[in-house]
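Report on the structure given below.
The values are calculated or read from the model by the stated rules, or taken from the named source; none is laboratory data. Everything quoted here is computed from the prediction, not taken from an experiment. For neighbour counting, all protein chains shown are included, and Cβ atoms are generated from backbone atoms with ideal geometry for every residue, glycine included.
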Amino acid sequence: MVQYFTNIYEAVSSAFVGMGITIKHIWTKPVTLQYPDERQVLPDRFRGFVFNDTTLCDACGICAKACPVDCIYIETDGKAKDRFMTRYSIDFNKCIWCSLCTENCHANCITMSHDYDHSVYKRDSLVYDFMIPGVPRVPCHKITRAELGFYVEPKDEKPKKPAAPKPATDDGPADDKGETK
């Protein structure tokens, strides 16, 4: 009999606790976002879809080698100065958004965007080709890139070494003004 009244007391008290929480939230402002029109503010270090600016890329392949799931495809034609990039694609079906490709890129052409909503009906459409339609081939060699008008990172001038100090003479101890006695 005691167990029966204990169960009733626990049921009523838990209902009051739940209703107290509900009543407390009635007068608070809702936090629901109307998704397509309103977007959540993302932190600066958010890892969204990978973006590659092919005009900066020199097709070195470091990003493809660093990718643990092999989702980056780079194709080039030619060798040495005559090498051109013909394909740069990323398969987002495989991508795990680890950002290893962006950390290893020496040209800083690969970035993680804040874009996160690429809903598609067919999985084949998640393979993104980053080549510019008007430019069929992107040169990979620095001199060729500069000649054709592509971006080339400027060289940093090396700072000049300061002049070496003159060796001190052993004529005797120096006073505060630097003169020998």
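Here residue 94 fits the description: of a type in the set (Lys, Arg), within 18 Å of residue 127 (Cβ to Cβ) and within 18 Å of the chain's Cα centre (by Cα). Being part of a loop (DSSP other than H, G, I, E, B) and hydroxyl-bearing (Ser, Thr, Tyr) is not true of residue 9. Assuming residue 55 fulfils every condition listed in (1) over 30 Å from residue 147 (Cβ atoms); (2) touching a residue at least 60 places away in the same chain (Cβ under 8 Å) apart from one, which condition is it? Of the numbered conditions (1) over 30 Å from residue 147 (Cβ atoms); (2) touching a residue at least 60 places away in the same chain (Cβ under 8 Å), the odd one out for residue 55 is (1).
Remark: residue 76 matches the filter, which requires a residue to be touching a residue at least 60 places away in the same chain (Cβ under 8 Å), crowded, with 16+ Cβ neighbours inside 10 Å and of a type outside the set (D, E, K, R). Residue 51 meets all of the listed conditions (1) out of contact with any strand residue (DSSP E or B) (no Cβ under 6 Å at 6 or more places or on another chain); (2) among the hydrophobic types (A, V, I, L, M, F, W, C); (3) farther than 21 Å from residue 142 by Cα but one, namely (1).
Scanning segment 102-125 for residues that are surrounded by 12 or more Cβ atoms within 10 Å (Cβ to Cβ) and more than 20 Å from residue 43 (Cβ to Cβ) yields 104, 105, 107, 109.
Checking each residue in segment 23-52 for being exposed (fewer than 10 other Cβ atoms within 10 Å of the Cβ) and within 30 Å of residue 149 (Cβ to Cβ) picks out no residue at all. For segment 53-71, filtering for residues that are touching a Lys or Arg at 6+ places or on another chain (Cβ under 9 Å) and buried (at least 18 other Cβ atoms within 10 Å of the Cβ) leaves 4.
Residues of segment 1-55 that are modelled with pLDDT of 90 or more and acidic (Asp, Glu): 10 alone.
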